[in-house]
Amino acid sequence: MKANRPPGATKLLDYAGWTPDGQQTVEVPAVVQQQPGGDGCDQVDDLMTARVPVMVDADADSRPVRSITESLLAIATLPLPIPRIEHKEKTRERDIWFMLTILVALVASIASTIYYYNAHEILLYGDSHSHLGIARRLFDSSNPWDITQLGAVWLPLPHILMWPFVWNDFLWHSGLAGSIVSMSCYLITSYYIYRTAYRLTHNGPASLLGTLTFILNPDVLYIQTTPLSEMVCAVTFMAATYYFLCWVQEESVHYLVISAFAMFLATLSRYDNWVLFAILMLLIVLISAQKRYNRTKTVSMVIIYGTLAGFGIMLWIIWNKVIFGDALYFGDGPYSSGQQQLAFLHVGRLYTYHNMLLSVKYYGADMIETLGPLVVVLAIIGLILFIGRRRFSSECLVVLALLTPFAFYVFSLYTGQAIIYVPGMVPHNAISQVFNVRYGIAMAAPCGVLIAILIKLMPWKKPKALVYLGRCAILSLILIQVFLTSGANIDLEDGQYGISCEVPLAANKYLAQYYNGGKILEDNFASSVDGGDAGFNFSDVIYEGSGDLWNNALHNPATYVTWVVADPSNPADTVSQQIGLHSQVFLSQFTLVASDKSDILLYHRNSDPLVKVHTIPANFLSQYALCAPH
């Protein structure tokens, strides 16, 4: 029944409304008091209001007060519940869990690096040597301070980050120049996992436990001691996603700008993040529609984000066009990943090619081997619960964006742009049972966030003892998985005897004993002779990046070089293709001094004396002892 409005009622009362019995009321913000034992994580989607009586002036013909100020002053006299002030306590509690997270990550990082350094296992991967070499060549090459030394296939950010350290001979030879970068990125990634989880759960213990699945994972701990690019990819991925989530929650454009800058760095770390860039661009449009932004605001945000975040991609395309004459050289050039996979495809070893189901199985198996089945199952449950609770809200869309690495690698396996060998998945007669399994680490950080969400959304019931017991149970499962995974560290195994390992070379051992100066002719991409092991500098090497000196040495090696490294079994080896290794002219000028099952040959110029100048340790190259020639 609609109440009758008294004559002369003001617009204030039109807004306030009338009660059925004619009592005049006005809407005011309601004060919600936190219940004891709450964790402060519940979010209020709409402003809650309450109706209270409006004070009436009895001396004015019983007409309501017309002044808004008088009405509010009257409302202020009514008794309202007083909220408890818990800001300082909640902040202090949050800081405790955050500091504990960073402390555990710092201790784990340093301890694992010391362990693997003493075990001589930092440089097991052949790619580790390559990353260090690309970074070192800026200072130490036949063309020093030539920025083109960054190459065209691997993105430049990981190598740029090594520049402050790789100039030091000890840090370069030991691999610690790359370890410092990976360790720093590992710590910062832990920070962003915790902060992302906390923004989604508002729960310190849950955020800590979720982050521990990343911090304590044995495969992650090993990779963060190496010069590989996985940790640089992880930190930029999480930073871009975290600040994007901040923008979604607070609708502040400056968070979107910070996310775009992090995305700019991410697109210069690994190609995985190029897909994330496209997904976040799409989410800006979808989330803007959800929040009912007008077209002008939506377009402006897309332009702001796309211009800054996509600047790295544009720079890399321009770089390839200017330096190598092909804007897509990184994707279709002779050293690109796609071209390398063709060799596997031609011999029938690219098992996932154009098979989507098998691609999903291979990467899923890689995740399980790397992260552990318990972690993967808990993460999946957390994802299902979050989608069921939040449906397709803006925050849910950001959480789904965390699954980008899974989609990227499945698609890459399907199209032949990537290759992964996982034990139990590849045929028994495969060239190896382990290859590129470190790609599974890309899902370690997203799984940490999802497990934090799971812990928060689990239907814990009071008393508090039961809540604590549940959290301890989750922690126990995480620690059990860490223990089980550490017994079979698949990323370490790939470096020890998989296809990814650095093959021990007789040429390296020979140069470590006999090298006493002179230039070395080598196709750096095709062969694995490494100055870090053999004891020479890159300035002593003439390779495909040496410009005219490279071409001159290929046509007349005896005039320009003292040593020649060749791999006749590799059709991509320019040295073997350009120089007639079996010609009378070449053999009269050079003598074969070292060779092994890897087919890499080392020749020495006859006109120079050959003297053993160094005594190497008995365990030289022992870290590669398990690695067989491929």
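Quick note: the coordinates plus some simple rules give every number you see, no bench work behind them. Remember, it's a predicted structure, so these values are computed and weren't measured experimentally. Cβ: placed from backbone, ideal geometry, glycine included. Neighbour counts: every protein chain shown.
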> Can you list the HN-Hα couplings for region 234-243, worked out from phi with the Karplus curve (6.51, -1.76, 1.60; θ = phi - 60°), rounded to whole Hz and with x for Gly and Pro?
Replying inline: 5, 5, 6, 4, 5, 5, 4, 5, 4, 5
> Taking the Cα-to-Cβ direction at Val299 and at Ile380 and moving 7 Å from each Cα, how far apart do the two end points lie in nm?
Replying inline: 4.5
> Can you list the residues, at least 5 places off or on another chain, whose amide H is less than 5 Å from the amide H of Ala594, using H built in the peptide plane?
Replying inline: Leu602
> In sequence order, what are the phi-derived ³J(HN,Hα) couplings for region 203-215 according to the Karplus relation 6.51 cos²θ - 1.76 cosθ + 1.60 with θ = phi - 60°, rounded to whole Hz, with x for glycine and proline?
Replying inline: 9, x, x, 5, 5, 5, 5, x, 5, 4, 5, 7, 4
> So what is the relative contact order for region 90-497, in percent, with contacts set as C-alpha pairs under 8 Å and at least six apart?
Replying inline: 20
> If each of Ile387 and Leu103 carries a label point 7 Å out from its Cα toward its Cβ, how far apart are those two points in nm?
Replying inline: 3.9
>> I need the calculated FRET efficiency for the pair Leu328 and Thr559, taking r as the beta carbon distance and R₀ as 45 Å, to the nearest 0.05.
In response: 0.75
> ³J(HN,Hα) across region 308-319 via Karplus (A = 6.51, B = -1.76, C = 1.60, θ = phi - 60°), whole Hz, x for Gly/Pro?
Replying inline: 6, 5, x, 5, x, 4, 4, 4, 5, 5, 5, 4
> What is the Cα centroid distance between region 401-452 and region 215-237, reported in whole angstrom?
Replying inline: 15
> Taking the simple approach of a point 7 Å from Cα along Cα-to-Cβ for both Cys472 and Asn552, what is their distance in nm?
Replying inline: 7.5
